[in-house]
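Step one of this worksheet: look at the structure below.
Here, each number is a calculation from the coordinates, and none is a lab measurement. Owing to the predicted nature of the structure, the values given are computational and were not obtained by experimental measurement. Neighbour counts run over all protein chains shown; Cβ positions are idealised from the backbone, glycine included.
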Amino acid sequence: MTTAPASSSHALTAPGVPGRVCGTTGLSVCLDAQRFIKLNAVVGIVFLLLGGIAALLLALTRWQTVHLLPADWFYRILTFHGINMLILWILFFEVAILYFACTTPLNARLFSRKVAWVSFGMMLTGGVMVDYIILAGQADVMMTSYLPLLAHPLFYLGIILVAVGTLIGVFNFFATLYVAKRDQAYTGSVPIVTFGATAAAIIAVVTLLHGAIVMIPTFTYSMGWTPQPDPAWYRLIWWGLGHQSQQVNVCAMVSVWYLLSHVILGARPVNEAVCRTAFVLYILFINLASAHHLLVDPGVGATWKIWNTSYAMYLAVLASMIHGFTVPAGIEIAMREKGYTRGIFGWVTALPWKNPALSATVLSVIIFGFLGGITGVTLGTQQINIIAHNTLRIPGHFHVTVVGGTSLAFMGLAYYVIPLIFQRDFILRGVARWQPWLFGLGITLMSFGMSFAGSMGVSRRSWDIDAQGIYGPAAHLWLGVLGIGGVLAFLGLLTFVLLCVGTLFFGRKIGAGTAMSDWGTPPALAGSAAGSLAQDHYATKGTIVLTILFLACFAVYYFANWKALADVWPVR
Amino acid sequence: MSLRPLTTPWFHAPAGHEKLWLGLALLWCFVMSLMMPYWHFRGKQNSTGEAYAVTPADFLARTEKFVEANRVGTFRNTVEANALVPELPIAEPPPGGDAYITGRMWQWWPALRLRVGETYRLHLSALDLQHGFSLQPLNMNFQVLPGYDHVLTITPTSKGEFTIVCNEFCGIGHHAMTGKIFVE
Ligand SMILES: [Cu+2]
């Protein structure tokens, strides 16, 4: 850790600012930012492990043959799992990503160490508080905590602390962006990674404000200071928090896709204008997607439902479909420019599949797009929701978006962030190579189990399906698939956590000026020229075939669901 | 570049494969947008969310009155695992008329007998927490909130015994909260 030499081409750190030059990338790293990236990432991974242990217990309970936990602990652990995974792991890791995105690519220094400490302290206090209250049995209310179901006031207070702490971290991000621009730390437009992170941060502000609007009156109600908020109002505002927070994840995940495909393969977006517009579409239209949790609620009319789930929401869907093209297209062009030009898919087979960050990225794109995206849009259709609302199809969908998509992408990122930020090489590299595959396979199996059980009417958040006496062997079989997938995914997660923690303690130190060990980068073949396909708009043959295949799957699934809907009783 | 600031002018109109994909994706989004209004006018399953404010006590009183006037029998539960609802009154609303089901921890009260092909206005509400009305094995799902009289205008088109499962978490006995609709 040395002060950046002024002569280094990319290390233009302002004089007097502690920083170091990364021996691998040549980028300058702000030491303040580095400390908080470490802190937030490590705490995030601890919460990931806690949530993962909970996930294993839940999978082994819903697997009816095993049926591990008693009813009260099932609902307690389910609450614990949701909060640790969807709020604590993801928010902590996203704050780490934000601190990275506003400093290193912009050659900037973190706005304030104090603000970062306050943010981190509040988030950690809130997180520990919430976890303690849940495990103490004082908040068996599920992640959504729908009123009039009531938890201990500290539960709501803890969530408020986490939300406000995160908001303060986001403020630090924006302030850093402002200072970097003002001090001309960089020239031109911010790179796409920072742009995507900024979109995530903007959505996060809107999201966390919804959280405050819904949690503060709930907290005061739980203290007995104010009357009970209306349950329907609570649902509407809660989902302004709940759904959008997932869009923060999507933005962060897509930014990580761009980042990793660039770091591993040198890929760049085919068309920056299109990619950036897609991020803007997320910001503008995603709020409306919250409506699709209320599609079979009383008191919300058909016009409102159709409007909120129609073209405006589909413009946010369009954004994902754009990234789903531009990310693989960038990879294809990079590979073709390196000389891997054989056939339509020669560039795919030549990818460094032994690089865990690459396999994590590719699996993340495929699982998120093919499984998560297609199911999500279909379930969010006004009328189709009738045959899916609150069944296991819903977690079947969001486990492939948030876990198969976001968490897997974040894991891939860790395979570079840990060596680059902690300056230690990964231990057990052979194990690391199959970790994303194990995790991806587990999550996919689990999601299939959930989705098929759900389409047979098995409800989510239910401890037992035998008490109802109506579910046959097929439903039990799919719950078994859920259980086996859950166990595999947990093993993949545990492997990841052990690799990370082991690396922090036992990894070979990477000194100043030395590069991290290469995970696998395809070499440029003889006769290839970087940038040679920059103007060739028809060089993405493989990607266009893949995306058209995707669209075909989407259409088949979508219309199959309309068919299934047409088979149930008429209802108005 | 993904990781470095852009200095050259970076705006380009989409072209080639990218333009093709943008066109296809946009077209598909329009198709999906149009499906919902289309189904609203041509399809039969459209939950409009018709609802009225009601206090839990009022709703219970209306349900009790409905049961008193329309009771046709008693349902005895034979699923041993579910001892929460040993017995429910069965009520048969007149065709075209109103039917009531009250949700509370942890039962749907009463059971209904309906006629195939007839249309009913089914009123759903909860006395305590939120509950989920999930009709199996049809797999039709609706949200039930305390304070809201949620009206579904339904037309049973298949005969048999249907089970109402609660699919919104409502406490420790949630998994055992079941009700019945018989269609003849
Ligand atoms: Cu219930």
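What to note about this one:
- Helix-derived mean residue ellipticity, 222 nm - over the protein assembly as shown, DSSP H n ≥ 4, -39500 (n - 2.57), to 500: -18000 deg cm²/dmol
- Most positive-pole-ward Cα, B:106, B:166, B:40, against dipole of chain B from beta carbon charges: B:40
- Exposure proxy shown here: for A:466, A:72, B:149, the number of other Cβ atoms within 10 Å sets the order, fewest to most, as A:72, A:466, B:149.
- As a proxy for reagent exposure, A:342, B:115, A:235, B:42 were ordered by neighbouring Cβ count within 10 angstrom, fewest first; the result is B:42, A:342, B:115, A:235.
- Relative contact order, whole percent, for segment A:121-233 stands at 32, derived from Cα pairs under 8 Å and 6 or more residues apart.
- Relative to the longest principal axis of the Cα atoms of chain B, the long axis of helix B:56-70 makes an angle of roughly 60 degrees.
- Of A:554, B:169, the sequence from fewest to most neighbouring Cβ atoms within 10 angstrom is A:554, B:169.
- Relative contact order computed over chain A (Cα-Cα under 8 Å; 6+ residues apart), in percent: 16 percent
- Among A:266, A:451, A:145 - extreme Cα towards positive end, dipole of the protein assembly as shown, charges at beta-carbon: A:266
- In chain A, the longest principal axis of the Cα atoms and the axis of helix A:71-82 are about 30 degrees apart.
- Most mobile listed residue (B:91, B:51, B:15) in chain B, GNM with C-alpha springs under 10 Å: B:15
- The slack between residue A:505 and residue A:556, meaning 0.36 nm per residue of separation minus the straight C-alpha distance, is 13.4 nm.
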